[in-house]
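The values are calculated or read from the model by the stated rules, or taken from the named source; none is laboratory data. Treat the numbers as computed from the prediction; the structure is a model and nothing was measured. Virtual Cβ from ideal backbone geometry, glycine too; neighbours counted across all protein chains shown. For the accessible areas, the whole protein counts, side chains as well, though only heavy atoms, and no ligand, DNA or RNA atoms are used. Shrake-Rupley method; radii C 1.70, N 1.55, O 1.52, S 1.80 Å.
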Amino acid sequence: MKDYALLIISAIFVNNILLAQYLGNCPFLGCSKEMGVAVGMGSAVVFVVTLASAFTWLIQKLVLVPYGVEYLQTIAFIVVIAALVQFVEMFLKKMIPPLYRSLGIYLPLITTNCAVLGIAIIVQRKDMGFVSGVVFSAASAAGFMLALLLMAGIRERYQITRIPKPLQGTAIGLVTAGLMSLAFFAFNGMI
């Protein structure tokens, strides 16, 4: 139990997939302008990453390794992730149309979100078991969602703050992301 707690804390804070490993920056900057959109994108990423990790672990151990076709890992993982994203897209379009419209192009881009593929590959490279891999993936996705929500809160504050013209828009977003990354490095000695 203690190992899982350390794994979760490590994945969320110390090795945050977004702020320490720099994976998934596109949706981080694109979907962090409004809190509602950030919650929707974060929830979709948590769902897709957790399920993708479980399915890719099974595919790796039951198909790719026994048949000696590990070189197809990236292609197989992308197919699994794309199928899960299609499922999420259909679900949101049918059940929550406003969120579906607000996510716009970023929802299908979860397929190409390098954080999703990166987490699935990290689980395989670290040779994690099924349960620890799924726990690590869910915690990493929660870390992604935490960073996204923090950024959305800060960017909403920017709308009522006077910012010099050269720093408005993407520039202040990148500066803020860099400062958040530095702040998360403070967790490095924690575990």
Query raised in the report: Tell me, which residue of segment 4-29 that is over 16 Å from Gly153 (Cβ atoms) and at pLDDT below 85 is most open to solvent (accessible area, probe 1.4 Å)?
Result: Cys26
Query raised in the report: When you look at Ser140, is it in contact (Cβ under 8 Å) with a residue 60 or more places away in the chain, in a helix (DSSP H, G or I) and either open to solvent by less than 40 Å² (accessible area, probe 1.4 Å) or closer than 25 Å to Ala11 by Cα (or both), yes or no?
Result: yes
Requested in this report: May I ask you to verify whether Ser53 is among the hydroxyl-bearing types (Ser, Thr, Tyr), closer than 20 Å to Cys26 by Cα and surrounded by 20 or more Cβ atoms within 10 Å (Cβ to Cβ)?
Outcome: no
**Report entry** Residue identified as open to solvent by less than 30 Å² (accessible area, probe 1.4 Å) and part of a helix (DSSP H, G or I) among Gly104, Gly133, Gly178
**Finding:** Gly133
Requested in this report: Return the pairs, sorted by first residue and then second, in which the second residue is part of a loop (DSSP other than H, G, I, E, B) and not hydroxyl-bearing (Ser, Thr, Tyr), the first residue lies in segment 16-44 and is at positive phi, the beta carbons are less than 7 Å apart, and the residues are 6+ apart or on different chains.
Outcome: Gly24/Ile17; Gly24/Leu18; Gly24/Asn113
Report task. Looking only at segment 32-42, decide whether some residue is among the basic types (Lys, Arg), over 17 Å from Ala141 (Cβ atoms), open to solvent by 30 Å² or more (accessible area, probe 1.4 Å) and in contact with a helix residue (DSSP H, G or I) (Cβ under 7 Å, 6 or more places away or on another chain). Result -> yes
